[in-house]
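Q: Got a structure for you, questions after.
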Amino acid sequence: RILILDFGSQYTQLIARRVREAGVYCEIRPWDATAESLIDFAPQGVILSGGPESVHFDAAPRVTDVVLGMAVPVLGICYGMQALAQQLGGRVEPSSHKEFGYAEVRARGHSRLLTDIDDRVNAEGHGLLDVWMSHGDHVAELPAGFKVIASTPSAPIAGIGDDERGIYGLQFHPEVTHTSQGQRVLERFVRDICGCSGQWTAGNIIDDLITRVRDTVGDEHVLLGLSGGVDSSVVAALLHKAIGDQLTCVFVDNGLLRLNEGNEVMQTFAQHMGIRVIRVDAESRFLDALAGEADPEAKRKIIGRTFIEVFDEQASQIDNVQWLAQGTIYPDVIESAGANTGKAHVIKSHHNVGGLPEHMKLKLLEPLRELFKDEVRRIGLELGLPAEMINRHPFPGPGLGVRILGEVHKPYADLLRQADAIFIEALRAEGWYEKTSQAFAVFLPVKSVGVTGDGRRYEYVIALRAVETVDFMTARWAHLPHTFLDQVSRRIINEIDGISRVVYDISGKPPATIEWE
Ligand code: XMP
């Protein structure tokens with residue numbers, strides 16, 4: 001296992017994902033984590049992330065002596081390298097020539113870290129690597145025992161190494177995909193230099209999680225709110241495999257789901273996998289609660305609150321439950337500062353469980369809290385969940401409630417479900433579903449005039465939304481082909497009584513958001 005010390009880089013999570021991709025388990029800790037927590041973790045190697053600081057600041061983060069005293073290999077990236085170099089007796093200087101973005105690095109001499117890893121070889125036999133560089137400071141003088149293992153014209157010391165102690169520093173970022181050999185460099189470090197075995201694979205993760213769940217839960221009973229989304233679905237499949245009938249799932253159909261969604265969830269989990277799922281039909285309860293409300297935030301609150309009420313009522317009818325399972329994943333833990341403050345058990349409050357009845361006093365079970373989304377997907381597939389479910393676009397908790405603008409009415413939801421299903425079916429058929437990150441239809445409660453045959457129509461409008469994004473914080477509207485949009489528009493207007501016009505949303509985020517409400 002590898003320890004990643006976070007010095008505040010925006011890429012720290014990426015380092016962790018790359019190490020896991022190399023089949024090696026790792027965890028992120030803040031640079032000032034307590035000595036005990038680092039010693040307890042007993043890493044076989046340590047990676048120091050980059051960071052926004054300069055080692056010259058008075059309060060600049062330091063590499064803790066605990067790490068340097070562990071006698072395990074260390075790799076410092078960017079700031080991590082500068083901090084290492086300075087603390088081990090080298091010298092770091094501000095650069096007159098700051099370097100950000102693409103650079104060609106020349107590997108120098110023999111080093112266990114970089115030898116035989118290159119994109120090209122130059123006439124003198126040096127390996128050349130295409131890398132992503134970002135630095136303001138640079139190492140100007142080597143610490144004792146180190147040699148230069150990489151350089152660029154503007155940063156003569158772009159990589160340092162001490163093969164004997166297994167301590168390395170790289171000024172460039174091996175964790176980003178712009179560094180084309182980056183994965184190989186990280187693999188070389190964690191597998192060959194640290195000696196980690198690469199057994200962090202989907203099958204082994206599942207075996208390990210199952211053992212831990214069984215040890216934790218014993219013969220007690222577990223309750224899970226199943227939404228049909230990826231995380232809760234994978235938790236359901238995993239817990240079922242681990243503890244079988246000790247698991248009960250509650251699936252709340254709030255009437256704001258996509259076409260056939262409730263039936264599909266029941267088919268997959270109850271019929272196909274034999275999991276005990278209680279389906280609660282709460283459509284009219286949600287629609288009654290929403291009646292007359294047009295404000296987006298108020299609608300979200302009503303839906304969240306009603307969900308809690310319904311879930312609580314069901315939960316308190318199930319006897320003998322001691323645990324509440326949740327689909328918390330590692331990015332949630334990191335974002336809620338659990339991993340950044342050393343307080344390992346800060347839990348992101350989840351609207352699904354905010355108000356569980358006091359008397360239930362359930363213990364929290366979060367089997368996925370160490371996994372990244374791509375790992376969750378992989379173990380989901382390995383557990384036998386359909387690929388179609390695992391690779392689904394995200395769907396917001398309030399569902400169609402935020403895709404029907406203004407007041408929510410059942411006839412609107414029915415029209416929207418049909419339009420959305422046509423759009424998604426066409427995206428899948430034409431290979432666009434995988435190429436977009438999120439796509440859906442929106443119901444606009446305004447009427448517009450249309451004409452079909454001899455008849456005049458005066459009906460509602462559907463907007464289509466499709467975006468490409470990596471992190472959902474920014475997004476670009478998907479440039480779907482006009483012929484494709486034409487075909488979807490015709491189908492929606494011809495097949496759905498009540499829709500006379502279709503428009504396509506060409507707003508990016510920012511300034512627009514992905515959802516319309
Ligand atoms: P926006 O509209 O803010 O959406 O650009 C970004 C991502 O978040 C999803 N989203 C939500 N998910 N509850 C959720 O669980 C919500 O209230 C909510 N609002 C937006 C949205 O679908 C998109 O993926």
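Q: Full extension from Asp40 to Gln271: what is 0.36 nm times the residue separation minus their Cα-Cα distance, to one decimal in nm?
A: My answer for the length gained is 78.8 nm.
Q: Pairs of Cα atoms under 8 Å, at least six residues apart: use those to get the relative contact order of region 202-390, whole percent.
A: 28
Q: I would also like to ask the following. When the Kirkwood radius is taken over all Cα pairs of region 1-134, what Stokes-Einstein diffusion coefficient follows at 4 °C and 1.567 mPa s, in µm²/s?
A: Rounded, D is 80 µm²/s.
Q: Same structure, new question: Going 7 Å from the Cα of Val470 in the Cα-to-Cβ direction, what parts of region 6-49 have a backbone nitrogen less than 11 Å from that spot?
A: Output list for this probe position: 11, 14.
Q: How big is region 202-390 in terms of Cα radius of gyration and Dmax, in angstroms?
A: 16.6, 52
Q: How tilted is helix 296-317 with respect to the longest principal axis of the chain? Cα atoms for both, answer in degrees (0 to 90, nearest 10).
A: Once rounded, one gets 90 degrees.
Q: For region 367-412, take the alpha-carbon Rg, divide it by the Kirkwood Rh, and send me Rg/Rh.
A: With Rg and the Kirkwood Rh in hand, the quotient comes to 1.18.
Q: Let me ask something else about it. Scattering from the C-alpha atoms of the chain alone, worked out with Debye: what is log10 I(q)/I(0) at q = 0.08, 0.11, 0.13 1/Å?
A: With no solvent term, the Cα-only Debye profile gives -0.64, -1.03, -1.22.
Q: Compute the signed sum of charges (Lys and Arg +1, Asp and Glu -1) over the other residues within less than 14 Å, Cβ to Cβ, of Gly203.
A: -2
Q: Here is a follow-up. I need Asp231, Asp374 ordered by Cβ neighbour count within 10 Å, fewest first.
A: Asp374, Asp231
Q: Treating only the Cβ of Lys, Arg, Asp and Glu as charged (+1, +1, -1, -1), what charge dipole size does region 412-504 show about its Cα centre? Round to the nearest 20 debye.
A: Roughly 240 debye for region 412-504.
Q: If the cut-off is a Cα-Cα distance under 18 Å, which lysines reach Lys447, setting aside same-chain residues fewer than 8 apart in sequence?
A: Lys410
Q: Also: Where in region 381-446 are there GluC sites (Glu not before Pro) that are in a DSSP coil and have at most 13 other Cβ atoms within 10 angstrom of their Cβ?
A: Glu434
Q: Related question: Return the percentage of antiparallel bridges among DSSP beta bridges fully within the chain, rounded to the nearest 5 %.
A: Of the beta bridges lying entirely in the chain, close to 50 percent run antiparallel.
Q: Out of region 375-451, which trypsin sites (Lys or Arg not before Pro) are coil in DSSP terms and have no more than 13 other C-beta atoms within 10 Å?
A: In loop regions of region 375-451 (DSSP not H, G, I, E or B), the sparsely surrounded trypsin sites (Lys or Arg not before Pro) are Lys435.
Q: What nm distance separates the two modelled labels at Val66 and Glu220, each placed 7 Å from Cα along Cα→Cβ?
A: The answer from the label model is 2.9 nm.
Q: Quick check on the exposure proxy: order His173, His97 from fewest to most C-beta atoms within 10 angstrom.
A: The order, fewest Cβ neighbours first, is His97, His173.
Q: At 222 nm, what value in deg cm²/dmol follows for the chain if DSSP H runs of at least 4 each add -39500 (n - 2.57) and the sum is divided by all its residues, to the nearest 500?
A: Roughly -9000 deg cm²/dmol at 222 nm, from the helical runs in the chain.
Q: Give the order of Arg258, Arg276 when sorted by the count of other beta carbons within 10 angstrom, beginning with the fewest.
A: Arg276, Arg258
Q: Let me ask you something else. For the pair Ala512 and Glu297, what calculated FRET efficiency results from E = 1/(1 + (r/R0)^6), where r is the Cβ-Cβ distance and R0 = 22 Å, to the nearest 0.05?
A: Efficiency computed from Cβ-Cβ geometry: 0.80.
Q: Here is a follow-up. By how many degrees, between 0 and 90 and to the nearest 10, does the Cα long axis of helix 482-495 differ from the longest principal axis of the chain?
A: Approximately 30 degrees, to the nearest ten.
Q: Right, next: Could you tell me which of Leu113, Thr306, Val467 has its Cα farthest along the dipole of the chain towards the positive end, charges placed at Cβ (Lys, Arg +1; Asp, Glu -1), taken about the Cα centre?
A: Val467
Q: Among the lysines, which have Cα under 19 Å from the Cα of Lys361 when same-chain residues fewer than 8 positions away are ignored?
A: Lys361 reaches Lys348.
Q: May I ask for the equivalent-ellipsoid semi-axes of region 108-244, computed as the square root of five times each C-alpha gyration tensor eigenvalue and listed largest first in whole Å?
A: 45, 17, 14
Laboratory data are not the source of any read-out in this text; all were calculated from the coordinates shown. Predicted, not measured: the structure shown is a model, and the values here were computed from it. Positions of Cβ are backbone-derived with ideal geometry, glycine not excepted, and every protein chain shown enters the neighbour counts.
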